[in-house]
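Reviewing the structure listed below.
The values are calculated or read from the model by the stated rules, or taken from the named source; none is laboratory data. Since we're looking at a predicted model, the values are computed, not measured. Glycine also receives a Cβ, built like all others from the backbone with ideal geometry; neighbour counts cover every protein chain displayed.
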Amino acid sequence: MISRAAALLLAFSTLPLTAEVRDLKAFFQERCAVCHGPDGTGRGASGARLGGRNLAEARWLARQEEAGLVASILKGRGAMPGFRRQLSEAEARRLVKEFIRPVAARKRP
Ligand code: HEC
């Protein structure tokens, strides 16, 4: 009989592989910038609002829990679609930690 652990391992091994080395900055530019702007401010090159929230607003971001932002990215929120089919949870967390937070840190509040 197949053990529970082996069954779990089997289940996980059939999940689509997400590239560990995926360039999440490029992913942001491809999939998120359409609404959040290339710099995360929610504005396009011309300064026009694109519809996504300003992710570079340091004061807002400082109040956000990482888990909440990750959940929003994966499940969607308001007008934002969920990205659970394109991103693993670890990747969504990396987007918040390595891209969204540092971008806000570079901006004035
Ligand atoms: C179709 C436009 C659209 C796209 C594409 C989009 N967003 Fe959003 N995003 C929004 C809008 C609108 C909100 C504000 C949602 C609300 O609070 O009602 C938002 C909110 C967010 C928030 C804040 C969530 C919260 O809990 O307050 C984060 C973080 C975020 N987006 C990241 C991303 C990332 C990362 C991507 C790409 C993987 C992305 N968004 C793609 C429109 C978009």
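Taking first residues from the range 56-71 that are over 16 Å from Arg93 (Cα atoms) and partners that are within 10 Å of the ligand (Cβ to nearest atom), the Cβ contacts under 7 Å between residues at least 6 apart in sequence or on separate chains come to Ala56/Gly40.
Considering (1) in contact with an Asp or Glu (Cβ under 9 Å, 6 or more places away or on another chain); (2) touching a residue at least 24 places away in the same chain (Cβ under 8 Å); (3) surrounded by 15 or more Cβ atoms within 10 Å (Cβ to Cβ), the lone condition that Gln86 does not fulfil carries the number (1). The set of residues in the range 1-39 being modelled with pLDDT of 60 or more, within 23 Å of Gly82 (Cα to Cα) and not in a helix (DSSP H, G or I) consists of Arg22, Asp23, Gly37, Pro38, Asp39.
Restricting to the range 53-78, name every residue that is of a type in the set (A, V, I, L, M, F, W, C), more than 6 Å from the ligand (Cβ to nearest atom) and surrounded by 13 or more Cβ atoms within 10 Å (Cβ to Cβ). Listed by number, the residues that qualify are Ala56, Ala58, Trp60, Leu61, Val70, Ala71, Leu74.
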